[in-house]
Amino acid sequence: MRYLKIFTISLAAWLCLFVTIASAVHVNAPAPDFCLKDLNGRKVSLADLKGRAVVLNFWSTTCPPCVAEIPALNALYHNLAGSGLVVLGIALDPSDKPVRELARRQRIEYPLLIDSSQEVYFDAYGLFGQPVSILIDRTGMVREKIIGQVNWTSPEMVTKIKSLLKGR
């Protein structure tokens, strides 16, 4: 009986993992559309951004690596927004209050969206861990999934982003 219980729990865990992997965002596949509100209450849809290169940065205010990469994301956005780059910070915090406070302190220039239910993060994109960034080209295709903190102003990352902007 004990082994049956262990087997059942193990099977359930594998099924959950399989469902998550099956629904996870994949490189070279269309980016799942979503609609989230920004800090001003305006709805932002990924579909509305087609034709522009997009960096989706999933983060939270309680994640030190997430907060540490904000200045570089700000610089990237500031330098390349005029070339067609959109950076969307998708905050996973349960409320917008800490996001607003951090945005003010860090002087975040790029749009911040709130995914407090984490439906986009878990359900649409099948993600785990923070920060996680998704690079989407102008056609709406996912070109890269980056797990962990990134120096967005490094020559390597700037080259990747410029390649997205060129459609490659």
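Observations, loosely collected:
- Calculated over region 40-168: convex hull of Cα atoms, volume per residue (Å³): 101 Å³
- Rh by Kirkwood over Cα pairs, then Stokes-Einstein D for region 82-141 at 1.306 mPa s and 10 °C, µm²/s: 123 µm²/s
- Over all other residues within a Cβ to Cβ distance under 11 Å of Gly51, the charged ones net out to +1, with Lys and Arg as +1 and Asp and Glu as -1.
- Pairwise label distance in nanometres, Lys43 with Ala29, each label 7 Å out on the Cα-Cβ vector: 2.6 nm
- Centre separation in Å (Cα based) which lies between region 53-67 and region 80-129: 6 Å
- Taking Cβ atoms as reference points and 12 Å as the exclusive limit, the residues near Ile108 contribute a net charge of 0, counting Lys and Arg as +1 and Asp and Glu as -1.
- Within the chain: Cβ-based charge dipole about Cα centre, in debye rounded to nearest 20 (Lys, Arg +1; Asp, Glu -1): 180 debye
- 5 angstrom amide H check on Leu39, placed H, neighbours 5+ away: Leu112
- Projecting the Cα positions of Asn40, Trp152, Ala124 onto the charge dipole of the chain (unit charges on Cβ atoms of Lys, Arg, Asp and Glu, taken about the Cα centre) puts Trp152 furthest along the positive direction.
Read the figures in this text as sums done on the coordinates, not as results from a lab. Keep in mind that what you see is a predicted model, and the values were worked out from it rather than measured. For neighbour counting, all protein chains shown are included, and Cβ atoms are generated from backbone atoms with ideal geometry for every residue, glycine included.
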